[in-house]
1. Any idea which of 98, 109 is within 19 Å of residue 29 (Cβ to Cβ), modelled with pLDDT under 85 and of a type in the set (Asp, Glu)?
2. Could you check how many residues of region 10-46 are within 14 Å of residue 107 (Cα to Cα) and part of a loop (DSSP other than H, G, I, E, B)?
3. Have a look at 57, 85 and point out the one that is assigned to a helix (DSSP H, G or I) and either farther than 20 Å from residue 14 by Cα or at pLDDT below 90 (or both).
4. Residues in region 3-54 that are among the β-branched types (Val, Ile, Thr) and surrounded by fewer than 13 Cβ atoms within 10 Å (Cβ to Cβ): how many?
5. Looking only at residues that are in contact with a helix residue (DSSP H, G or I) (Cβ under 9 Å, 6 or more places away or on another chain) and of a type in the set (Phe, Trp, Tyr) in region 1-41, which one is modelled with the lowest pLDDT?
6. Among the residues of region 60-76, which ones are in a helix (DSSP H, G or I) and either surrounded by fewer than 12 Cβ atoms within 10 Å (Cβ to Cβ) or modelled with pLDDT under 80 (or both)?
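The values are calculated or read from the model by the stated rules, or taken from the named source; none is laboratory data. Just so it is clear, the structure is predicted and the values come from calculations on it, not from any experiment. Glycine also receives a Cβ, built like all others from the backbone with ideal geometry; neighbour counts cover every protein chain displayed.
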Amino acid sequence: MKKENHLLKTNDFAKVYEKRHKIQSSCMSVYYSKNELGYLRVGLSVSKKVGKAHTRVRIRRLIRALMDKYNSYSGSYDVIIVARVGFEKHKFLELYEELRTILNRFLKENLDEKKN
């Protein structure tokens, strides 16, 4: 992911959490909200409950790799991906399919809203 696509500031995270748009799966939760920038920004959150520091860093790298692999994302959204306990037990392809399903679902929901 490019640096401009990273969601880093605490205020930006708070704005996304405030909107309360959330999709959950067995291994991750995804929060999202519309932004005015014209491009997607992604923030990552991995709790200490998930594992030690090296495990959390590995999970963040995996999520970044998943987002790089899923290159068909578009739209002006702020997205926060929260890894849940057990995330590291899933295989890369399972995680990719899960994330793709989640992102397609919220993009589809927002396209449906525009049509109405």
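1. On the way: 98 fails: modelled with pLDDT under 85.
After ruling out the rest, the residue left standing is 109.
2. Residues meeting the conditions: 4.
3. Values: 85 fails: assigned to a helix (DSSP H, G or I).
57 is the lone residue from the list that is assigned to a helix (DSSP H, G or I) and either farther than 20 Å from residue 14 by Cα or at pLDDT below 90 (or both).
4. Quick first cut of region 3-54, residues among the β-branched types (Val, Ile, Thr) only: 10, 16, 23, 30, 42, 46, 50.
If we keep only those that are surrounded by fewer than 13 Cβ atoms within 10 Å (Cβ to Cβ) too, we end up with 10.
Of the residues in region 3-54, 1 are among the β-branched types (Val, Ile, Thr) and surrounded by fewer than 13 Cβ atoms within 10 Å (Cβ to Cβ).
5. Among residues in region 1-41 that are in contact with a helix residue (DSSP H, G or I) (Cβ under 9 Å, 6 or more places away or on another chain) and of a type in the set (Phe, Trp, Tyr), the one modelled with the lowest pLDDT is 39.
6. Pass one, region 60-76, residues in a helix (DSSP H, G or I): 60-69.
Answer for region 60-76, where residues must be in a helix (DSSP H, G or I) and either surrounded by fewer than 12 Cβ atoms within 10 Å (Cβ to Cβ) or modelled with pLDDT under 80 (or both): 61, 68, 69.
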